[in-house]
Amino acid sequence: MQVVLDIDLDAFVSPVFHDAKDDSLVRLPDGEFIPESEEDVTRFFEKQLGLSESAPIPGAFVTHHHEVLPLWEKLVESGRLQKKFAV
């Protein structure tokens, strides 16, 4: 079974925002919610997930969670992703 790595970058923002709504398109205010540094996030990807810029894997960035579904559908239709996959 193929595995899709789905990383929510909200995990790298402090403090944790607890009142998110699934249908909300509103972004968090910049001054109140501080993202981790690019260096800290990169270190996490490399040390904890084994990802590396020198050995890139296919991927995509989306702003809202629902935007990933059409990407997965296109990958399945093209045969690059099997219908049964783990996230």
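Any read-out appearing in this document is the output of simple, stated calculations on the displayed coordinates, not a laboratory observation. Remember, it's a predicted structure, so these values are computed and weren't measured experimentally. With ideal geometry, Cβ positions are generated from the backbone for all residues, glycine too; neighbour counts draw on all protein chains shown.
Tabulated data for the structure shown
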quantity: Rounded to the nearest 20 debye, dipole of segment 2-86 from Cβ charges on Lys, Arg, Asp, Glu; calculated: 560
quantity: Efficiency of FRET from Cβ geometry, E73 and L51, R₀ 22 Å, rounded to 0.05; calculated: 0.35
quantity: Solution diffusion estimate, µm²/s, Stokes-Einstein, the chain, Kirkwood Rh from C-alpha pairs, 25 °C, viscosity 0.890 mPa s; calculated: 160
quantity: Karplus-derived 3J(HN,Hα), 6.51/-1.76/1.60, for each residue of segment 28-33, Hz, glycine and proline x; calculated: 5, x, 4, x, 8, 10
quantity: Listed peptides 55-61, 28-34 by packing density, highest first (mean Cβ within 10 Å); calculated: 28-34, 55-61
quantity: Stretchable slack from F12 to E38, in nm (0.36 nm times residue separation minus alpha-carbon distance); calculated: 8.4 nm
quantity: Crossing angle, helix 38-49 versus the chain [Cα axis fit, 0-90 degrees, rounded to tens]; calculated: 40
quantity: Net charge contributed by nearby residues that have their C-beta within less than 12 Å of E73 (K/R +1, D/E -1); calculated: +1
quantity: Label point distance in nm, L28-H66, each placed 7 Å from Cα along Cα→Cβ; calculated: 2.2
quantity: Per-residue Cβ neighbour rank within 10 angstrom, fewest leading, H64, H18; calculated: H18, H64
